[in-house]
Amino acid sequence: MLKRVAAVLGCLLAVSLATSACSIRTTSGSDDSAGGGGRLPASSIAAAKSRGTLIVGTAPGYLPFDMKDTKGTFIGYDMDLARAMAKSMGVKIQFKQYDFAALIPALKQGSVDVAIAGFTITGERALEISFSQPYYAAGQSMLVPSSDGSTKSWRDLDKAGKRIGVSQGTTGAMLAHKLFRHATVADYENLPGSTLALTQKKVDAVIYDEPGLRIYAKQNPSAVRGIWDRISTENLGIVLKHNDVASVQWVNSFLDSYLDSGDEKASRQKWFDSVAWFDQVQKQK
């Protein structure tokens, strides 16, 4: 069965690359865009196949999707997904680390082929980049100090003098800035920064993707309490260059074969059903 899947993916990739070679005009070392005479961008997947290496932009700190272990190895659910992509293409993989807010600019500049970092699919983002089909359904939730036994909803904290911690550039940050009209929304570089602020009583709550907050709550049950009624429900997608149709088609075909496969189920079980890996995660400052 795996050989048949690999064969189908190989055919799809070959067709995708052939299509891009015939219909997409490319210039060595350049980044074609709709602004340059209306041409579509060169296929990132085709470029990676030709290069022999898939370059993936990511932002460690989004547990359990995007992390680095104490040896500096990129680990997590998204990293397993990226490695499976490279394997199906028959190429090597190279990870490039960025702050989350710098990932889309890096992609647009051609520094990476794809960005995989727990990106929520939104219409606003889709105006400047392209998304694959969803590979994971997530949502925004909230953490409060364990000493706070009265807060039941984000609305309870939308008061003057209250501070809400978020990770800059994330969907949670964008949502919080829209929702809270009276409380102050404080932007931090990443989840470790915002949760540290929570434990230091610099903020009254943290809003972030539910999986990451659940992991943190499991590790710090005496310090924080989760409010698990989702503030929003979102889908995560792989990010590619805007209008890179050939690459989007190939990635979607790959996801059709990968999701719910034995490898994907093993990855999901490892990262979401257990926290045995937590002590191996490189602690961020």
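Descriptive notes on the structure:
- Between region 50-98 and region 136-166, the alpha-carbon center distance in angstrom: 32
- Of the chymotrypsin sites (Phe, Trp or Tyr not before Pro) found in region 177-239, not one falls in a DSSP loop while having at most 14 other beta-carbon atoms within 10 Å.
- Rounded to 5, percent antiparallel among DSSP beta bridges of region 139-234: 60
- Spin-label pair R230-K71: with each label point 7 Å from Cα along the Cα-Cβ axis, the two points sit 3.6 nm from one another.
- Tensor-based shape of region 139-234 (alpha-carbon gyration tensor, a/c under 1.5 rounded, otherwise prolate or oblate): rounded
- Radius 12 Å from Cβ of A197, net charge of other residues (Lys, Arg +1; Asp, Glu -1): 0
- Cleavage-rule hits (GluC sites (Glu not before Pro)) in region 97-199: DSSP loop, at most 15 neighbouring Cβ within 10 angstrom: E124, E128
- Trypsin sites (Lys or Arg not before Pro) within region 88-159, DSSP loop, no more than 12 other Cβ atoms inside 10 Å: K152, K159
- A straight chain from Q97 to V275 at 0.36 nm per residue would run longer than the Cα-Cα distance by 61.7 nm.
- Placing +1 on the Cβ of every Lys and Arg and -1 on the Cβ of every Asp and Glu, with nothing else charged, gives region 134-285 a dipole about its Cα centre of roughly 680 debye.
- Between R155 and R181, the modelled label-to-label distance comes to 1.2 nm, taking each label 7 Å out from Cα in the direction of the beta carbon.
- Greater than 18 Å apart at Cα, pairs in K87/K241; K71/K283; K96/K218; K68/K241; K92/K283: K87/K241; K96/K218; K68/K241; K92/K283
Rule-based calculations on the coordinates, nothing more; no lab input. What you are looking at is a predicted structure, and each value in this text was computed from that prediction instead of being measured. Counting neighbours? That spans all protein chains shown, and the Cβs are built from the backbone with ideal geometry, glycine included.
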